[in-house]
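Just so you know, all these numbers are worked out from the coordinates, no wet-lab data involved. Since the structure is predicted, the reported quantities are computational estimates derived from the model, not experimental observations. FYI the Cβ positions are ideal-geometry reconstructions off the backbone, even for glycines, and counts take in every protein chain you see.
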Amino acid sequence: MQESPTDDLKPRERLERRGARCLCDDELLAVLLDTIGNAKNAPEHDARKVLQTSNGSFFQLSRWEISDFLALGISWLRACNLVAAFEIGRRIEERTEFSAPLTTAEDIFKFFERKALPLDREKCWVLCTDAKNRVIRFEEITAGTATASVFHPRDFLRPAIRANASALALVHNHPSGDASPSASDIRITRSLAEACKIFDIRLLDHVIIGRRNIPPHTRGYFSFSDAGLLP
């Protein structure tokens with residue numbers, strides 16, 4: 001349970017003496033903002049300003065970019081610290097959610113659904129797994145326009161080779177909500193499958209993320225593996 005600051009200890013001192021779970025939200029932010037530099041405001045002041053602007057939502061803050069913090073008068077160094085900290089938290093969450101092996105296309109869809117739904121442009125990701133289908137690397141490959149993204153097999157193989165992966169899965173979203181594969185989706189899947197064979201890497205699936213209840217794929221995704229379309 002979080003405590004309200006009732007003494008004269010600075011946030012870093014409270015962190016050291018009582019642990020992070022005893023700090024309230026603005027104190028946690030103040031610790032991240034307490035940098036060596038020439039920032040005009042005290043970290044506690046900036047922390048209150050940031051929380052007030054974001055309605056006290058860490059989730060909202062996690063979506064901010066450096067420019068959003070700079071617009072509030074937060075120093076560049078402090079803004080970098082915050083963006084980096086939220087990205088670390090996001091990566092920890094992703095690794096935790098993928099602690100179990102990937103067994104179905106639905107598993108992939110459930111992980112990506114909340115990431116993909118707010119997007120107004122196509123993005124593509126590669127999931128690299130070991131021999132037991134446990135994720136060892138997760139990487140965004142491209143960010144395209146509102147209707148298309150440029151894919152090439154080498155872009156997906158590169159992180160898999162670096163991770164010494166046994167298999168990979170290709171995932172991308174359709175902002176329209178219709179998960180039906182396009183002709184280019186089919187072509188890139190075939191090309192990637194052939195490239196994977198050369199490097200002895202299994203292609204687990206290509207999952208297209210759409211939205212639930214959008215026909216013809218009302219479950220919200222299309223799986224090349226489930227459809228029997230993996231070469």
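Only lysine pairs 8 or more places apart or on separate chains count here, and in the chain those with Cα atoms under 26 Å apart total 9.
Rank-order 119-127, 83-91, 200-208 by packing density, defined as the average count of other C-beta atoms within 10 Å over each peptide's residues, highest first.
200-208, 119-127, 83-91
In the chain, the DSSP-assigned H stretches of four residues or longer account for a calculated mean residue ellipticity at 222 nm of -12500 deg cm²/dmol, using -39500 (n - 2.57) per stretch and the full residue count as denominator. Using Cα atoms only, what is the angle between the long axis of helix 183-198 and the major principal axis of the chain, expressed in degrees (0 to 90) to the nearest 10? The angle comes out near 90 degrees. For the chain, the longest principal axis of the alpha carbon atoms and the long axis of helix 105-116 meet at an angle near 40°.
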